[in-house]
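Here the structure comes first, spelled out in structure tokens, and everything after it is commentary.
The values are calculated or read from the model by the stated rules, or taken from the named source; none is laboratory data. Please read these numbers as outputs of a predicted model, since none were measured by experiment. For neighbour counting, all protein chains shown are included, and Cβ atoms are generated from backbone atoms with ideal geometry for every residue, glycine included. With ligands, DNA and RNA removed, areas are computed over all heavy atoms of the protein, side chains included. Shrake-Rupley method; radii C 1.70, N 1.55, O 1.52, S 1.80 Å.
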Amino acid sequence: MAGKNYYAILGVNQKATREEIKKAYKKLAMTYHPDRAPEDKKKEYEEKFKEISEAAAILSDDKKRQQYDQYGSQAFSQGGFEGQEGFDFSDIMSQFRSGMFGDFDDLFDQIFSGGDSRRHQGRRGNDLLYEMEITLEEAAKGAEKVISLNKLEHCKECRGKGATRFASCHHCQGSGYLKRTQRTAFGLFQQTGPCPYCHGRGELPQNSCSHCGGEGVERKRKEIEVSIPRGVEEEMRLRIKGEGEVGEQGSPAGDLYVLINIKPHEIFHRQGNDIHITIPISFTQAVLGDEIEVPIIEGKALLTIPAGTASETLFRLREKGLPSIHGSGPGDQMVKVRIEVPKKLTKKQKDLIIELHEEKLSKSFLKRVFGG
Ligand SMILES: [Zn+2]
Ligand SMILES: [Zn+2]
């Protein structure tokens, strides 16, 4: 029998466990995510992504996998793949499309939950994005912030259900499930799906909540605590699970994403986890050497300037940079010294410098050039 080889598509063998299938799918989905495709391969990636998602959806469902093992992919051609219950391809696509790569785990759990946990839920609420500006010091040390957001919350009167009085659904006898018979080329298949009358809830509303007009939601201002991790980087998105907008009819909320912007610092420049700074030193400090205090992100540090230091010399203060958010060691602070030339001199200073100047010329340069 012709048809697609779902095992080959995912690169697993026929005895692969659900966990192995999930792993294989996850790996492929990360690779072929359409948003990661090069410009000229968009179509190709999308097709491939669709193909692996289809394979994963079938093989992760014990019942469908059994049908597939028996009849091949044709068992699912009736009505098209996207019509298969328990897996809404466009929904999955749109979640991938939202660019929330960090959410792969959730998404896979959802796909591989067998659909059961989704049956009693409506559409998940919207994700929200909040831009937050922080200082470089806050990025270095981490911070606790409270933000205030105006967003959709569950109606407090009906707790998001849109009604305050309910009766058991008579279509499904309150179970939330209905048996459905599907005719395919291979005979009749009986499938259990969510009751379309009560949307799998098992009960039907008897009134409309007067507070929210039956919507189940109301707009409210809410304060949310945001924990900024040490070493956070520019344009990182922190995810706060469940603090997006609530979904309709009591379904779960989306997530809140906090986009980090780090204000430019007056003296410190960040490069990865290293901090760069330029420090002025005097001519005599450069010539004779000195020990100076330099500002670092955590306060101050001592820097030894050896005698005979040239302008623009770079010194490294090890591990005085920013902590790494990825768990590697802290960065360094790079200190560039710049010799400042004094613009005003006292009479005495001027005489000394003239003396030095003539001495230097006569003893080194002139001698070398002209001899004598
Ligand atoms: Zn029902
Ligand atoms: Zn209400």
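Quick grid of which residues meet (1) in the same structural domain as Glu131 (by TED's automatic domain parsing); (2) at pLDDT below 95; (3) over 30 Å from Lys156 (Cβ atoms); (4) more than 45 Å from the chain's Cα centre (by Cα):
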{"site": "Gln249", "(1), (2), (3), (4)": "yes, yes, no, no"}
{"site": "His276", "(1), (2), (3), (4)": "no, no, yes, no"}
{"site": "Asp290", "(1), (2), (3), (4)": "no, no, yes, yes"}
{"site": "Leu302", "(1), (2), (3), (4)": "no, no, yes, no"}
{"site": "Thr313", "(1), (2), (3), (4)": "no, no, yes, no"}
Failed condition for Arg183, given (1) open to solvent by 80 Å² or more (accessible area, probe 1.4 Å); (2) under 34 Å from the mean Cα position of the chain (by Cα), with all others met?
(2)
Looking at the range 283-304, which of its residues are under 23 Å from Lys343 (Cα atoms) and open to solvent by less than 40 Å² (accessible area, probe 1.4 Å)?
Ala286, Gly289, Ile292
Looking only at the range 237-256, decide whether some residue is within 13 Å of ligand 2 (Cβ to nearest atom), under 30 Å from Glu133 (Cβ atoms), out of contact with any Gly (no Cβ under 7 Å at 6 or more places or on another chain) and touching a residue at least 60 places away in the same chain (Cβ under 8 Å).
no
Residues that are in a loop (DSSP other than H, G, I, E, B) and either away from ligand 2 (no atom under 16 Å from the Cβ) or surrounded by 15 or more Cβ atoms within 10 Å (Cβ to Cβ) (or both), drawn from the range 158-171
Cys158, Gly160, Lys161, Gly162, Ala163, Thr164, Cys169, His170, His171
If you go through the range 195-233, how many residues are in contact (Cβ under 8 Å) with a residue 40 or more places away in the chain, more than 16 Å from ligand 1 (Cβ to nearest atom) and either open to solvent by 20 Å² or more (accessible area, probe 1.4 Å) or farther than 30 Å from Arg270 by Cα (or both)?
21
Every residue in the range 243-290 that is of a type outside the set (A, V, I, L, M, F, W, C) and in contact with a Leu (Cβ under 6 Å, 6 or more places away or on another chain), please.
Glu243, Gly244, Glu245, Tyr257, His265, Asn273
When you look at Gly174, is it within 16 Å of ligand 1 (Cβ to nearest atom), assigned to a loop (DSSP other than H, G, I, E, B) and over 30 Å from Thr135 (Cα atoms), yes or no?
yes
Residue among Leu238, Leu317, Leu256 that is open to solvent by less than 30 Å² (accessible area, probe 1.4 Å) and within 30 Å of Cys198 (Cα to Cα)
Leu256
When you look at Glu138, is it under 29 Å from the mean Cα position of the chain (by Cα), loosely packed, with under 12 Cβ neighbours inside 10 Å and either not small (Gly, Ala, Ser) or not in a loop (DSSP other than H, G, I, E, B) (or both), yes or no?
no
So, Gln249, is that one open to solvent by less than 80 Å² (accessible area, probe 1.4 Å) and among the polar types (S, T, N, Q) or not?
yes
Residue check for Ile325: closer than 14 Å to Ser282 by Cβ and surrounded by 11 or more Cβ atoms within 10 Å (Cβ to Cβ)
no
